[in-house]
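The values are calculated or read from the model by the stated rules, or taken from the named source; none is laboratory data. Here the structure is a predicted model, which is why all the values come from computation and not from measurement. A quick note on method: Cβ atoms are made from the backbone with ideal geometry, for glycine too, and the neighbour counts reach across all protein chains shown. In case anyone asks, the SASA skips ligands and DNA or RNA and just uses the protein heavy atoms, side chains included. Shrake-Rupley method; radii C 1.70, N 1.55, O 1.52, S 1.80 Å.
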Amino acid sequence: MLSRSCLGLLNLVSVDDYQTLGGRVPRLVTTAAGDVPELYIDGMENPGSDDAVSPARRERRIVVANQLPIRAFREGRKWRFEWDRDSLVLQLKDGFPSDVEVLYVGSLKAEIEGCKQEEVAQLLLEKFRCVPTFIPSEIHNKFYHGFCKHYLWPLFHYMLPMSPSQGARFDREQWKAYVLANRIFAEKVTEIINPDEDYVWVHDYHLMILPTFLRKRFHRVKLGFFLHNTFPSSEIYRTLPVREDILRAFLNCDLIGFHTFDYARHFLSCCSRMLGLDYESKRGYIGLDYYGRTVTVKILPAGIHMGLLESVLSLPQTALRVKELKKEYEGKVVILGVDDMDLFKGISLKFLALGKLLEVDESLRGRVVLVQILNAARSRGKDIQDVKNESEAIAREINEKYSQPGYQPIVYINGPISTQEKAAYYAVSECCVVNAVRDGMNLVPYEYTVCRQGSFALDKALGVEGEDKKTLKQSVIIVSEFIGCSPSLSGAIRVNPWNIDEVAEAMNSAVTMSEAEKHLRHEKHYKYISSHDVAYWARSFDQDLDRACREHYSKRYWGVGLGLGFRIVALDPTFRKLSVDHIASAYRDTHSRLILLDYDGTMMPQATIKTPSKEVITVLNYLCSDPENMVFIVSGRDKDCLSKWFSPCEKLGLSAEHGYFTRWTKDSPWETCGLTTDFEWKMIAEPVMALYTEATDGSFIEHKESAMVWHHQEADPYFGSCQAKELLDHLESVLANEPVGVIRGQHIVEVKPQGVSKGKVVEDLISIMRSKGKSPDFLLCIGDDRSDEDMFESIALSVSNPALSTIISKVFACTVGQKPSMAEYYLDDTSEVIKLLEGLATAAGPSASIIYQDL
């Protein structure tokens with residue numbers, strides 16, 4: 001839900017003030033680490049605002065990641081640097097247009113002495129276009145090894161710290177370090193960015209709140225974020241004490257990327273359950289409406305760098321190593337595993353599955369070898385050592401049980417090993433097993449497939465010709481169903497890694513599979529992987545980021561919220577805040593005024609207590625006491641409810657059930673809108689609604705004289721929304737031949753007679769007043785939801801009508817909350833609505849003010 005009071009709390013300037021200031025926008029200044037940034041208006045100079053004039057320069061992309069794609073080597077007292085060709089953030093450059101300049105912001109993998117940092121930074125910028133973030137060692141340990149690797153990483157992989165022995169619990173000091181590290185990254189981006197031209201692409205979970213810092217500094221920054229990690233279900237994610245801060249940081253981006261639909265679905269579910277946001281799909285794109293901005297969600301798995309891997313396969317050294325391995329494992333079937341030493345890679349489960357396979361099928365003993373390459377752990381701690389000890393113990397047990405002279409079932413290779421060595425193992429392996437219990441993407445199956453495709457040099461070195469080439473171009477992949485690459489590998493054998501028997505059976509299938517089937521599976525995978533490489537992935541993301549940012553300069557932006565709750569509100573350039581001073585003169589100069597007010601969410605906040613406050617009754621009575629005013633409450637509520645609540649207001653007009661019933665004063669009778677009074681359709685609609693009510697806990701049916709409403713605001717947000725969509729389709733189907741309309745509103749599905757709307761109320765009231773010779777020359781209409789947009793639309797049509805535009809000279813259509821609307825004005829919340837009406841009550845002059853105060 002929109003926080004309508006936040007702009008008022010921040011005391012942001014009005015549009016008129018904005019113009020007086022020459023278009024300068026508010027910006028935020030931060031203080032110490034973890035402190036709340038404060039909002040203020042700059043003086044004569046504003047170097048950080050979106051209005052800063054920057055010289056035209058070459059189109060650029062700023063790629064921000066935790067680590068720079070640079071290798072650092074200490075040679076005596078000097079440092080030497082070179083590109084890390086295996087780094088994904090370096091490889092994605094191939095997806096950008098050739099004339100685009102790419103800058104990288106991130107940390108080095110080596111710790112540089114303080115006295116050398118400035119010199120190193122200058123060198124990296126000049127030679128590599130890299131900007132290093134030198135994070136102090138103490139902060140880095142808490143940020144990376146603490147919050148990232150020991151808290152966020154397990155949590156995002158579905159491991160809750162139920163006890164101190166089962167993972168690290170949330171630590172406020174580590175969170176502060178995470179915030180500070182992200183701020184340091186933001187400062188480095190700020191040093192080099194041209195906010196009007198550059199595109200910024202942030203990578204992975206280490207920098208999830210960086211978008212908030214950048215959006216605070218540059219409201220129109222073109223900002224994309226790609227999460228390479230998993231995103232957990234809402235049941236797991238909601239345990240995060242800082243869950244909303246991270247979600248809002250995601251939403252400060254223009255484009256958010258995920259590897260799979262599951263990860264995106266979990267993120268969208270969190271936005272719905274925790275922030276009350278809805279999403280919709282338009283022409284293949286998923287969009288979240290967030291304070292007037294559309295945040296696009298993209299789903300596309302990353303790929304590998306085909307050229308780099310193919311060049312490694314073409315090296316003579318690689319071919320030589322493949323020859324050696326083929327000789328070493330001659331007569332054996334090699335199954336390969338390549339994993340980081342990590343809690344979630346399922347290495348011990350993989351070993352247990354091989355043990356089960358050898359136990360069940362004695363004929364495979366002495367033939368099947370599992371080669372497990374272990375990359376170095378990316379973090380440190382007791383959990384990593386425990387995983388290593390367990391894996392080694394299981395491997396040792398299986399080897400002791402099934403080893404034979406010249407045969408060892410599990411070959412354990414502690415990495416890191418070179419890319420050439422790894423490619424050679426890929427090339428000689430009949431099967432690759434990726435058995436992670438949870439993983440973000442995992443590109444090992446992609447690399448394996450390309451290496452099994454081989455190369456001309458490799459074929460020549462191995463003496464493979466003609467039909468024999470098909471022998472190499474075969475592959476079988478066993479992949480866990482819980483990792484990101486699984487959906488894209490349609491020819492793989494998918495397994496539940498926790499089911500040891502199932503994985504063992506999959507290994508047996510891979511070993512005994514026919515060569516023809518292996519070739520078909522390989523061809524299917526190779527076709528996809530070669531066409532969806534890292535360049536394709538980067539190019540697709542870059543194009544969608546450009547599309548997501550096209551409306552940046554067609555809207556005006558306000559900064560809202562404090563600290564990490566900051567976000568921007570995107571408004572139409574003509575959309576402005578309605579002030580008492582602006583409307584008071586028009587009110588005084590006119591003599592036939594029509595004032596139309598919605599009730600729920602406009603006069604009273606959406607809360608448990610629905611009855612009007614004494615303050616509301618007082619201001620309505622005073623406005624109604626002016627003979628030049630015609631005041632109406634236009635609501636969707638039933639007439640009995642409105643009659644009871646507003647019984648103290650004798651001269652107040654009421655329009656109930658969206659205009660089906662209307663009365664001009666307390667003493668006048670209720671009139672219908674003249675439409676059909678046949679409500680037999682209720683006999684059809686009620687059983688259908690009852691069916692969904694029974695199946696949806698927290699929902700209920702509201703019966704009105706002219707309508708029926710199904711409410712689901714108390715139901716589970718996701719399930720209630722799904723049920724509402726189904727109910728809408730169901731009712732539209734069964735009521736297709738009835739004179740009714742089925743509409744979906746905020747947490748409701750309503751069936752009402754066709755032609756009934758708040759917009760029709762506006763037309764009828766203006767028409768009746770004109771027929772009585774009291775044509776309104778002043779029109780104020782205030783509402784907050786979708787049904788009120790009908791009133792705003794009707795007013796816009798009336799104003800565009802030449803016959804009415806000369807009569808209604810002063811028109812003020814106002815919505816509550818800053819959001820896209822047909823209205824030209826807004827007020828932040830219900831309290832501001834009351835203040836405006838009180839201002840009008842005293843606008844007629846000093847005597848009127850005295851009378852109002854007496855009331």
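Roll a 1.4 angstrom probe over the protein heavy atoms and tell me the percent of accessible area of the chain that is carbon or sulfur.
On the way: 18330 of 36760 Å².
Here carbon and sulfur together make up 50 percent of the probe-accessible area.
Highest first, please rank the peptides 569-580, 245-256 by the mean number of other Cβ atoms sitting within 10 Å of their residues. Write down the numbers at each step before the final one.
Numbers: 569-580: 18.1, 245-256: 23.1.
The packing order, highest mean first, is 245-256, 569-580.
Note down the magnitude of the dipole of the chain about its Cα centre, charges +1 on Lys and Arg C-beta and -1 on Asp and Glu C-beta and zero elsewhere, to the nearest 20 debye.
2040 debye
Could you state, as a whole-number percent, how many of the C-alpha pairs of the chain are farther apart than 49 Å?
35 percent
Provide the gained length on full extension for the span residue 572 to residue 100, in nm with one decimal, where the gain is 0.36 nm per separating residue minus the Cα-Cα distance.
Fully extending the segment from residue 572 to residue 100 adds 166.7 nm.
Using only alpha carbon positions, build the gyration tensor of region 680-753, then give the equivalent ellipsoid semi-axes as the square roots of 5 times its eigenvalues, largest first, whole angstrom. Please report the intermediate quantities before stating the final value.
On the way: eigenvalues 74, 27, 23 Å².
Each semi-axis is the square root of five times an eigenvalue, giving 19, 12, 11 Å.
Using packing as a proxy for protection, rank 402-408, 60-66, 432-438 so that the peptide with the highest average count of other Cβ atoms within 10 Å comes first. Write out the running numbers ahead of the final one.
Values: 402-408: 12.1, 60-66: 22.9, 432-438: 25.1.
Ranking the peptides 402-408, 60-66, 432-438 by packing returns 432-438, 60-66, 402-408.
Under 8 Å for C-alpha pairs, at least 6 residues apart: give me the relative contact order for the chain, rounded to a whole percent.
Working: 1538 pairs, mean separation 91.6, N = 855.
For the chain, the relative contact order is 11 percent.
Got a sec? Charge dipole of region 418-561, +1 on Cβ for Lys and Arg, -1 for Asp and Glu; which of 537, 437, 498 is way out at the positive end?
It is 537.
Can you tell me the FRET efficiency between residue 684 and residue 822 if r is taken as the Cβ-Cβ distance and R0 is 30 Å, rounded to the nearest 0.05?
About 0.35, to the nearest 0.05.
Would you work out if region 490-538 is rounded, prolate or oblate? Take a ≥ b ≥ c from the square roots of the eigenvalues of the alpha-carbon gyration tensor; rounded if a/c is under 1.5, else prolate when a/b is larger than b/c, oblate otherwise. Don't jump to the answer; show the numbers that get you there.
Values: a/c = 4.80, a/b = 1.60, b/c = 3.00.
Cα axes put region 490-538 in the oblate bin.
Taking just the alpha carbons, could you work out the radius of gyration and Dmax for region 289-345, both in angstroms?
Rg, Dmax (Cα atoms, Å): 21.0, 65.
For the pairs 725/758; 323/460; 109/149; 93/282; 188/222, flag any whose C-alpha to C-alpha distance is greater than 20 Å.
725/758; 93/282
Can you give the relative contact order of region 544-628 as a percent, counting alpha carbon pairs under 8 Å and 6+ residues apart?
Computed value for region 544-628: 15 percent relative contact order.
For region 311-416, what is the relative contact order in percent, using Cα pairs closer than 8 Å and at least 6 residues apart in sequence? Walk me through the intermediate numbers first.
Numbers: 120 pairs, mean separation 34.2, N = 106.
About 32 percent, as a whole number.
Under the rule of at least 5 residues apart or a separate chain, name every residue whose amide H is placed under 5 Å from the amide H of residue 64.
Counting only residues 5 or more places away or on other chains, the set is 105, 201, 202, 203.
Can you list residues whose amide H is under 5 Å from residue 630's amide H, if they're 5+ apart or on another chain and H is modeled 1.01 Å from N?
593, 594, 595
Rg and Dmax of region 60-299 over Cα atoms: what are they, in angstrom?
Considering region 60-299 through its Cα atoms, Rg and Dmax are 18.3, 58 Å.
Once ligands and nucleic acids are excluded and a 1.4 Å probe is used, how much of residue 683 is accessible, expressed in Å² to the nearest 10?
150 Å²
If you take every DSSP beta bridge whose two residues both sit in region 60-299, what share of them, in percent to the nearest 5, is antiparallel?
Expressed as a percentage, antiparallel bridges in region 60-299 total about 40.
Running Debye on region 570-655 with equal point scatterers at the Cα sites and no solvent, what base-10 log of I(q)/I(0) appears at q = 0.17, 0.24, 0.25 Å⁻¹?
Rounded to two decimals, the profile gives -0.82, -1.26, -1.31.
Quick one: accessible area per residue over the chain, 1.4 Å probe, rounded to a whole number of Å²?
43 Å²
Please work out how much length the chain gains when fully extended from residue 324 to residue 93, using 0.36 nm per residue of separation minus the C-alpha to C-alpha distance, in nm with one decimal.
Stretched fully, the residue 324-residue 93 segment lengthens by 79.6 nm.
Report the FRET efficiency, 1/(1 + (r/R0)^6), for residue 514 and residue 129, where r is their Cβ-Cβ distance and R0 is 51 Å, rounded to 0.05.
The formula returns an efficiency of 0.50 here.
Around residue 577, which amide H atoms from residues at least 5 apart in sequence, or from another chain, sit under 5 Å from its own amide H, with H modelled in the peptide plane?
For residue 577, whose amide H was placed from the backbone, the distant partners under 5 Å are 15, 826.
Determine, for each peptide in 388-398, 74-84, the mean count of other beta carbons within 10 angstrom over its residues, then list the peptides with the highest first.
The densest-packed peptide leads the list: 388-398, 74-84.
Could you list the GluC sites (Glu not before Pro) in region 589-658 that lie in coil according to DSSP, counting only those with at most 12 other Cβ atoms within 10 Å of their Cβ?
Passing sites in region 589-658 are 650.
Output ³J(HN,Hα) for region 374-380: one whole-Hz value per residue in order, computed from phi by the Karplus curve 6.51 cos²θ - 1.76 cosθ + 1.60 with θ = phi - 60°, and x for Gly and Pro.
In residue order, the calculated couplings are 10, 6, 5, 5, 8, 9, 9 Hz.
Taking 0.36 nm per residue of sequence separation and subtracting the Cα-Cα distance, how much length would be gained by fully extending the chain between residue 160 and residue 547, in nm to one decimal?
That pair, residue 160 and residue 547, stretches by 135.5 nm at full extension.
Distance from the Cα centre of region 647-726 to that of region 173-245, in angstrom?
Cα centroid of region 647-726 versus Cα centroid of region 173-245: 44 Å apart.
In whole angstrom, how far apart do the alpha carbon centroids of region 572-609 and region 126-172 sit?
That distance is 50 Å.
Restricting the count to DSSP beta bridges whose residues both fall in the chain, what percent are antiparallel, rounded to a multiple of 5?
Numbers: 43 of 116 bridges.
Bridges in the chain are about 35 percent antiparallel.
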